[in-house]
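Here's the structure, in C-alpha cells; my notes come after.
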Amino acid sequence: MYSKSVWTKYENYDAIMSFNEDYKKFITNGKTERLCVKEAEKLAVAKGFKPLSSFTTIKPGDKIYDINRNKNICLFVVGNETLEKGLNILGAHIDSPRLDVKQNPLYESTDFALLDTHYYGGIKKYQWVTIPLALHGVVCKKDGTKIDISIGEDQNDPILGISDLLIHLSADQMQKTAAKVIEGEDLDLMLGSIPLKDAEKDKVKMNVLKLIKEKYDFEEEDFLSAEIEVVPAGAARDYGLDRSMVAGYGHDDRVCAYTSLRAVLDLDVIPNKTACCILVDKEEIGSVGATGAQSSYFIDLIAELLNKEGNYSDLVLRHTLSSSNMLSSDVSAGVDPLFLGVNELKNSAFLGKGLVFNKYTGARGKSGCNDANPEFVAYLRNIMDNNNIYYQTAELGRVDQGGGGTIAYILANYNMNVIDAGIAVLNMHSPMEIVSKADVYEAYLGYLTFIKA
C-alpha cells in the first residue's frame, strides 16, 4: 500500500522547489560530518539557538545546541512539560560512504604520485573509478595547529580521481565478479606526474610534498594525525527534465539530517514535549565510537539538561528516556523501474509518495532490526493523517534479498518508542544518489508535525 503522489497535493510547487534549493546548498557544502556540523551550527545560530554551556538553568522556549568532537550536533527546543515526561526526538546520521586517506598514504609508482585509501561503509567499489573526486578534512599537527583541507570543489581547483583499466586490455578483468573487478587496495588517487628536478628519488612524490608544504604547511608525517575524506567533486544538481529530483552525494543520510534539523529550527511554537534533533556519526560502520549513536554522548546530554532543569537523578533520567518518542530519520530504498525484481511492491517505497515509515529494517529474519510497536505506529498514522501529511510504509526489499540497518534499535534499547521514518532514495551508497524533491519537503512537514504533537 502506498499513498498518492505528493505532487498532486499542491497547486504549485514553489514551496517544494524553494526548500530544495536550500537543501542542495546544505549537501553541497556539507560533504563530511565536520562540514555538516559547521553548516548546522550556522543555521542554528541564525535561528537564535545558543550553546548549552551558556545556560545555567532552562525554561520552556529555550533554544539550545551542543556539539561533540565536531562530528555530532544536538539541538533542543525546551517544551512546556518537564523533561521527565519525555522528548520528541528526530535522529539522523551525517556520515556517508566514502574513501578515507590512510595514515601512511603517499607513494610513487611509474612516475605517478598516488594516495592510498581505505573505503568507509558499504560501497560498490567499481562506482568510484573514473569520476571527479575531491578531498575534505583536517590535518592536526603536533603543535596543536589544525589545518582545514578542501581540494576539488572550487572551479579553479584541480580534481583528483582513480584510474581504471582500458577496455582494450580488460579481457581478464571482465571475467571477475562485480565485487572483485575493482579491489579495495586499488582505490588509490592520482595526485600528480611532474618530477621535482633536484630530488634524488621519488621525484614526483617529492614535488607533491613540496606543493603541500607551500599551500597547506604540513609535512608527510602529519598524515599520521590527519582525517581526510575522499568524496565526489561538484555540487548537487536538479535531476530530470522536469527538475523533480535532486542528484547528489550523501543523501544517505544528510537528506533526513537536513529535514530533521530544519523541522526543529523552524518550530514556531513552544511544544508540549521538548523537541530534539540529534545528528550522529559512524552509522555506516555500526554506530560505534565516541561520535556514533552507541556513544554515551546523547544520554550524558539529557542528564545535563535534567540537571539544568533542577531535576536530575538516575531514576528521572531513565523515566525521561522511556517516556520519549523518536523518529529514526534514515533513508529507505526507493523502487527503481530498472530493478523491480529486488522489491516486493506491496511493501516498498516509491519516489514522490511521501515520508516512508519502516516498521522494521534488518536482514533475512528481521535480524538487527527495531520492529516498532503497533501502538506507536497507530499514533503516528493518526497525527500524520490529521495534518494531511502524505506517507507510505515499506520494507527494505524482498525477504532474503539483502537488508540494512539504522540507529533505531540503539535508542530503542533505552525503552523509548522508535520507528524508522525517512525518504526514498535511488542509487543508495553510490557517488550520485537520487531523491524526489516532493519527498524532501513532505518529510520536513512530517517531522515538524511529529515534534509539535
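Of the set (1) modelled with pLDDT under 95; (2) crowded, with 22+ Cβ neighbours inside 10 Å, all apply to residue 10 but (2).
Of all positions in the range 119-141, at least one carries a residue that is in contact with a Pro (Cβ under 7 Å, 6 or more places away or on another chain), among the aromatic types (Phe, Trp, Tyr), modelled with pLDDT of 95 or more and outside any helix (DSSP H, G or I).
When restricted to residues that are without any contact (Cβ under 8 Å) to a residue 40 or more places away in the chain and either outside the structural domain of residue 293 (by TED's automatic domain parsing) or β-branched (Val, Ile, Thr) (or both), the range 43-63 contains 1. Scanning the range 422-439 for residues being closer than 23 Å to residue 293 by Cβ and out of contact with any Cys (no Cβ under 8 Å at 6 or more places or on another chain) gives a total of 6.
Look at the range 409-429 and say how many of its residues are closer than 17 Å to residue 86 by Cβ and in contact (Cβ under 8 Å) with a residue 24 or more places away in the chain. If you could, list the steps in order and put the result at the bottom.
Quick first cut of the range 409-429, residues closer than 17 Å to residue 86 by Cβ only: 411-419.
When the remaining residues are screened for being in contact (Cβ under 8 Å) with a residue 24 or more places away in the chain, the result is 411-412, 414-419.
Qualifying residue count, the range 409-429: 8.
You will find that of 351, 321, 345, the residue that is within 26 Å of residue 444 (Cα to Cα) and either within 21 Å of the chain's Cα centre (by Cα) or not assigned by TED's automatic domain parsing to the domain that holds residue 85 (or both) is 351 and no other.
Scanning for something over 27 Å from residue 34 (Cα atoms) and surrounded by fewer than 20 Cβ atoms within 10 Å (Cβ to Cβ), does the range 246-253 turn up at least one residue?
So in the range 246-253, the residues over 27 Å from residue 34 (Cα atoms) come out as none.
Among the residues of the range 246-253, not one is over 27 Å from residue 34 (Cα atoms) and surrounded by fewer than 20 Cβ atoms within 10 Å (Cβ to Cβ), which makes the answer no.
The criterion of at least 2 residues that are within 14 Å of residue 425 (Cα to Cα) is met, among helices (runs of 4 or more DSSP H) falling completely within the range 241-358, by 251-265.
Suppose the filter is over 24 Å from residue 286 (Cβ atoms) and either buried (at least 16 other Cβ atoms within 10 Å of the Cβ) or in contact with a helix residue (DSSP H, G or I) (Cβ under 9 Å, 6 or more places away or on another chain) (or both); does residue 345 pass it?
Details: over 24 Å from residue 286 (Cβ atoms): yes; either buried (at least 16 other Cβ atoms within 10 Å of the Cβ) or in contact with a helix residue (DSSP H, G or I) (Cβ under 9 Å, 6 or more places away or on another chain) (or both): no.
Answer is no for this residue.
Please determine whether any residue of the range 270-281 is out of contact with any strand residue (DSSP E or B) (no Cβ under 7 Å at 6 or more places or on another chain) and within 30 Å of residue 14 (Cα to Cα). So far as the range 270-281 goes, yes, one or more of its residues are out of contact with any strand residue (DSSP E or B) (no Cβ under 7 Å at 6 or more places or on another chain) and within 30 Å of residue 14 (Cα to Cα).
Somewhere in the range 217-225, is a residue surrounded by fewer than 19 Cβ atoms within 10 Å (Cβ to Cβ), in contact with a strand residue (DSSP E or B) (Cβ under 9 Å, 6 or more places away or on another chain), in a loop (DSSP other than H, G, I, E, B) and modelled with pLDDT of 95 or more? No. Here is a check on your reading of the model: is residue 324 over 24 Å from residue 395 (Cα atoms) and either surrounded by fewer than 17 Cβ atoms within 10 Å (Cβ to Cβ) or touching a residue at least 12 places away in the same chain (Cβ under 8 Å) (or both)? Spelling it out, residue 324 is indeed over 24 Å from residue 395 (Cα atoms) and either surrounded by fewer than 17 Cβ atoms within 10 Å (Cβ to Cβ) or touching a residue at least 12 places away in the same chain (Cβ under 8 Å) (or both). Which of (1) touching a strand residue (DSSP E or B) at 6+ places or on another chain (Cβ under 8 Å); (2) surrounded by fewer than 15 Cβ atoms within 10 Å (Cβ to Cβ) is the odd one out, the single condition residue 300 does not satisfy? With (1) touching a strand residue (DSSP E or B) at 6+ places or on another chain (Cβ under 8 Å); (2) surrounded by fewer than 15 Cβ atoms within 10 Å (Cβ to Cβ) applied to residue 300, the lone miss is (1). Within the range 377-401, the set of residues being surrounded by fewer than 20 Cβ atoms within 10 Å (Cβ to Cβ) and part of a helix (DSSP H, G or I) comprises 377, 378, 379, 381, 382, 383, 385, 386. Kindly indicate whether any position in the range 119-140 is over 30 Å from residue 416 (Cβ atoms) and free of Cβ contacts under 8 Å to residues at least 24 places away in the same chain. Scanning the range 119-140 turns up no residue that is over 30 Å from residue 416 (Cβ atoms) and free of Cβ contacts under 8 Å to residues at least 24 places away in the same chain. Applying the criterion of being out of contact with any strand residue (DSSP E or B) (no Cβ under 9 Å at 6 or more places or on another chain) and at pLDDT below 95 to the residues of the range 148-164, the residue that is nearest to residue 230 (Cα to Cα) is 154. Checked across the range 229-240, the condition of being of a type in the set (Ser, Thr, Tyr) and surrounded by 15 or more Cβ atoms within 10 Å (Cβ to Cβ) holds for at least one residue.
Condition check ((1) crowded, with 21+ Cβ neighbours inside 10 Å; (2) within 30 Å of residue 233 (Cα to Cα); (3) of a type in the set (S, T, N, Q); (4) at pLDDT 95 or above) across all residues:
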residue	(1), (2), (3), (4)
3	no, no, yes, no
28	no, yes, yes, yes
36	yes, yes, no, yes
52	no, no, no, yes
55	no, no, no, yes
68	no, yes, yes, yes
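Name the residues in the range 187-213 that are exposed (fewer than 14 other Cβ atoms within 10 Å of the Cβ) and of a type in the set (D, E, K, R), would you? Write out each step before concluding.
Filtering the range 187-213 for residues exposed (fewer than 14 other Cβ atoms within 10 Å of the Cβ) gives 193-194, 197-198, 200-201, 210, 213.
The answer is 197, 198, 200, 201, 210, 213.
One residue alone among 160, 106, 169 is surrounded by fewer than 21 Cβ atoms within 10 Å (Cβ to Cβ), in contact (Cβ under 8 Å) with a residue 40 or more places away in the chain, out of contact with any helix residue (DSSP H, G or I) (no Cβ under 9 Å at 6 or more places or on another chain) and not assigned by TED's automatic domain parsing to the domain that holds residue 48, and that residue is 160.
Do we find that residue 398 is without any contact (Cβ under 8 Å) to a residue 60 or more places away in the chain, closer than 15 Å to residue 356 by Cβ and among the basic types (Lys, Arg) in this structure? Here the answer is no, as residue 398 does not meet what is asked.
The values are calculated or read from the model by the stated rules, or taken from the named source; none is laboratory data. These numbers were taken from a predicted model, which means no experiment stands behind them. Neighbour counts are summed over all protein chains in view; Cβ atoms, including those assigned to glycine, are modelled from backbone coordinates with ideal geometry.
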